[in-house]
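Single-structure report; data block below.
No lab work stands behind these numbers, since they all come straight from the coordinates. Here the structure is a predicted model, which is why all the values come from computation and not from measurement. Please note: Cβ atoms are built from the backbone with ideal geometry, for glycine as well, and neighbour counts cover all protein chains shown.
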């Protein structure tokens, strides 16, 4: 069976409109979490990781008319996919290329704005059809016009990670030549309010794995990786960025919106990813944690990490302290950050950490220096309903 | 060597009699544009209050899943994979309406907690205590096929030995109005807008007790590569084509044109007159075909043209062909199990 490699990537997030901007922010320790600028909501007390562009600016960058029917999720997705594809010859005939995109919010930004029109008049009909997850992926696909298979995954905050997992499976099955996989999710009043009703939003910058953590900061963004077989990359004469060495998907099967105390789903997802990659826990050099900054997640994930890694816990950080929790896009955003770390050999910081959690044996990383070169990175993405997925990115 | 994939059991709740195959002999016909499901008596299956706490899509999904697991005696499938076009749209609407009408201060968490698409797959996993692979596809009119493809690939590759694959969509009066405005439902000639709840157990063994085999699943975006599909899926030896004919002129034109070209002489079957139109209604194509293959009988009313009906002839292979707005296409080959 062929190895799945990642040959390029693209990202827009609170820490920049490209992968290189994000790298700079990560190395400078500069967070993108700031007061609200673009989302129109009564809850401006919550800091967020917004993409620092209006929809109009994104349309201009993409060469799309300002009055075109789009959603913020699809615009961000187009920008990230465009960056991921920029060095690929798209004109190659007969190539089977898949787009697999994770989203949950989809076109909710327009639905919440125009819902009363939807119900009472014909003024905004075009946006009814852009509400669902599939519409978002198809708008992205149609911008490029090269995709022979389009699929959308919606497993809440692990959506993009599951998209990458499926992408690898499709490549290994030989059914497609190339996969663009990841996710996109814009901020909406709908889920900002939803998370607020669950009382898991922090009015201060989030503090993952800190004893004083008091919730998450929502973020938005889009991130995609290009997956192909090692042979395909070789044939194109390019050196891949890394290997997608392993992955695991498990269900916590505990509660719709809370993780189990012992992090069973997280434990199983990490174990499976290691087995799938044929690696031992000690082979992992860095963990990019799900680390939302909520009481529940960080304790549950921390326990699961202790169960998998025992006394030998590698450096860990949650980069949600930079980007905010980009929900369905998080698996893509953190895949890109993990690959940047792997390539540039640094441990992304866990910002805002000051006091260790008494329940856990480890503290998150506050130092970018690595003791040894990074070879294997584990990235966790956990969603509502206990949809837990772990990915392992490895040097070639 | 690749493993074979079989459908061991399928259960449904729809506009037809629930949890049975009464539609074979006594199909219910409708003339209204929007029809809710014929609900089973939940009291027979759920503890008091259990069903009431759940939205209608969740209670249907839970019941067909439990029944499918019970019938196959597989209580802990290795995977739960769900397709849904709109997810828990009723709860989404409740939360959205409160947000739009009441503002951002007095919202309650319950509807939000059960509004995400993956609430369905998660609920089934929580109920059955399944820690295995769990995922949800939401991709308009091919959401179910994406779920089936995932299960098929993993089982074919030997990674999975059992998978509960489901297709669920609910409809609300308001959302029917919206999708009518958007030009998807309620069009002239179009069959009724329905709801989908289908659960099926896929296994890689025991063909002697399975309903049928899933030979292959192909999905494409844009124009299908027909020559490739013809060869790869062996159109020649197909006994009938289960189509998404739904009475609406533009939709049926596509099926009639493509089928005349690629499946000349093959009888065309349909199912949407029974189960209605919904994003995941193609799950009923697989359900009805699996039942016909296992019983070696296709009722007259499933033939799109009565004069093409046949009986007393072995039915070996059925192709389920779905074209969603001529943009997404899926091809599923079901065949009798090698006994």
With -39,500 (n - 2.57) per DSSP H segment of 4 or more residues and division by the full residue count of chain A, the 222 nm estimate, nearest 500 deg cm²/dmol, is -10500 deg cm²/dmol
Using a Förster distance of 41 Å, how high is the FRET efficiency between residue A:312 and residue A:230, based on the Cβ-Cβ distance and rounded to 0.05? 0.85
For peptide A:359-368, how many partner chain Cβ atoms fall within 10 Å of a residue's Cβ, on average? 0
Relative contact order (percent, whole number), the stretch A:283-370, Cα cutoff 8 Å, 6+ residue spacing: 32
Report, as an integer, the average count of C-beta atoms from other chains found within 10 Å of each Cβ along A:112-120. 4
If I model a spin label at residue A:18 and residue A:120 as a point 7 Å from the Cα along the Cα→Cβ vector, what separation in nanometres do I get? 4.6
Where a ≥ b ≥ c are root eigenvalues of the Cα gyration tensor, a/c under 1.5 meaning rounded, otherwise prolate if a/b exceeds b/c and oblate otherwise, the stretch B:214-297 counts as rounded
Can you give the FRET efficiency to the nearest 0.05 for residue B:70 and residue B:205, using r as the Cβ-Cβ distance and R₀ = 22 Å? 0.70
Largest first and in whole Å, give the semi-axes of chain B's equivalent ellipsoid, each being the square root of 5 times a Cα gyration tensor eigenvalue. 31, 24, 19
Most mobile of B:250, B:167, B:15 per a Gaussian network model of chain B (Cα springs, under 10 Å)? B:250
Peptide ranges B:79-85, A:334-340 listed from the most packed, as the mean C-beta count within 10 angstrom indicates: B:79-85, A:334-340
Indicate the gyration tensor shape class of the stretch A:247-394 (rounded, prolate or oblate), computed on the Cα atoms with a ≥ b ≥ c the square roots of the eigenvalues: a/c under 1.5 is rounded; otherwise a/b larger than b/c is prolate and the rest oblate. rounded
Once R0 is set to 41 Å, what does the formula 1/(1 + (r/R0)^6) return for the Cβ-Cβ distance between residue A:38 and residue B:25, expressed as a FRET efficiency to the nearest 0.05? 0.10
When B:226, B:23, B:262 are ranked with the fewest other C-beta atoms within 10 Å first, the list becomes B:226, B:262, B:23
Against the 2.2 N^0.38 Å rule of thumb, the C-alpha Rg of chain A sits at a ratio of 0.91
Only residues of the stretch B:279-305 count here: report those whose backbone N is under 19 Å from the spot 7 Å along Cα→Cβ of residue B:260, or say none. B:304-305
So for the protein assembly as shown: antiparallel DSSP bridges make up what percent, rounded to the nearest 5? 65
Between the alpha-carbon centers of the stretch A:57-91 and the stretch A:340-370, tell me the distance in whole angstrom. 33
By average C-beta atoms within 10 angstrom, highest first, the peptides B:26-32, B:160-166, A:216-222: A:216-222, B:160-166, B:26-32
Contact order relative to length for the stretch A:57-160, counting C-alpha pairs under 8 Å separated by 6 or more residues, stands in percent at 35
The exposure ranking of A:381, A:394, fewest beta-carbon neighbours within 10 Å first, is A:394, A:381
I need the peptides A:23-32, B:279-288 ranked by packing, meaning the mean over residues of other C-beta atoms within 10 angstrom, with the highest value on top. B:279-288, A:23-32
Determine the percent antiparallel among the DSSP beta bridges restricted to chain B, to the nearest 5. 65
From the helices alone, meaning DSSP H stretches of at least four residues, give me the mean residue ellipticity at 222 nm for chain B, per-run term -39500 (n - 2.57), in deg cm²/dmol to the nearest 500. -9500 deg cm²/dmol
Give me A:99, A:391 ranked fewest to most by other Cβ atoms within 10 Å of their Cβ, as a rough exposure proxy. A:99, A:391
Once you average over the residues of B:175-182, how many Cβ atoms of partner chains fall within 10 Å of each Cβ? 5
With chain A treated as a Gaussian network of Cα nodes joined by springs under 10 Å, which of A:49, A:182, A:102 yields the largest mean-square fluctuation? A:49
Springs between alpha-carbon pairs under 10 angstrom, Gaussian network model over chain A: which of A:354, A:101, A:60 fluctuates most? A:60
Three-way shape call for the stretch A:104-254 based on the alpha-carbon gyration tensor, with the a/c threshold at 1.5: oblate
Chain A: relative contact order from alpha carbon pairs under 8 Å, six or more residues apart, as a whole percent, is 23
